[in-house]
Amino acid sequence: SPLSTTSETLYADVRLTPSASFTVEPSVTERALYTISGEIEVAGQAFPPAQLLVLLPGDQITVRATTAARAMLFGGEPMEGPRWIWWSFVSWCKERIEQAQE
């Protein structure tokens, strides 16, 4: 993508046939997997659609499809400093979140 970002990101649309598998390397600190369709298995546990799996930093994960499946793999390096969140607003400054609330 020609989109430029301020930090390294990971974003992949993964489509698997039944019994297919792939490995998620620990090269990115913050990673997650969202199941869209079908069923996947991670570490012996099955996950149906509409599940968000937050992967632990440093862990290598093997994902196996128990049926035809589609999932989104995404993540990136953590941003520096704390973040404040309210509704759909995110800021590094609590005062800006308070302004958004008003």
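The values are calculated or read from the model by the stated rules, or taken from the named source; none is laboratory data. This structure is a prediction, so every number in the text was calculated from the model and none was measured. Cβ atoms come from the backbone with ideal geometry, glycine included; neighbour counts cover every protein chain shown. Just so you know, the surface numbers come from the protein's heavy atoms only, side chains and all, with ligands and any DNA or RNA stripped out. Shrake-Rupley method; radii C 1.70, N 1.55, O 1.52, S 1.80 Å.
Return yes when Pro49 is part of a loop (DSSP other than H, G, I, E, B) and in contact with a Ser or Thr (Cβ under 6 Å, 6 or more places away or on another chain) and no when it is not.
yes
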Pairs please, first residue from the stretch 39-52 and polar (S, T, N, Q), second anywhere and surrounded by 15 or more Cβ atoms within 10 Å (Cβ to Cβ), Cβ atoms under 6 Å, 6+ apart in sequence or on different chains. Gln51/Thr35
Looking only at the stretch 69-102, filter to residues that are hydrophobic (A, V, I, L, M, F, W, C) and open to solvent by less than 60 Å² (accessible area, probe 1.4 Å); which one of those is farthest from Ser21 (Cα to Cα)? Ala100
Selection within the stretch 71-97 - in contact (Cβ under 8 Å) with a residue 24 or more places away in the chain and among the aromatic types (Phe, Trp, Tyr): Phe74
Count - residues of the stretch 70-102 that are modelled with pLDDT of 95 or more and out of contact with any strand residue (DSSP E or B) (no Cβ under 8 Å at 6 or more places or on another chain): 0
Kindly provide the set of residues from the stretch 50-68 that are farther than 19 Å from Thr23 by Cβ and either of a type in the set (Asp, Glu) or surrounded by fewer than 12 Cβ atoms within 10 Å (Cβ to Cβ) (or both), ordered by number. Ala50, Leu52
Any idea which of (1) at pLDDT 95 or above; (2) hydroxyl-bearing (Ser, Thr, Tyr); (3) in contact with a strand residue (DSSP E or B) (Cβ under 7 Å, 6 or more places away or on another chain) is the one Thr67 doesn't satisfy? (3)
For the stretch 30-39: of the residues being within 19 Å of Glu77 (Cα to Cα) and either open to solvent by 50 Å² or more (accessible area, probe 1.4 Å) or among the charged types (D, E, K, R) (or both), which is nearest to the chain's Cα centre (by Cα)? Arg31
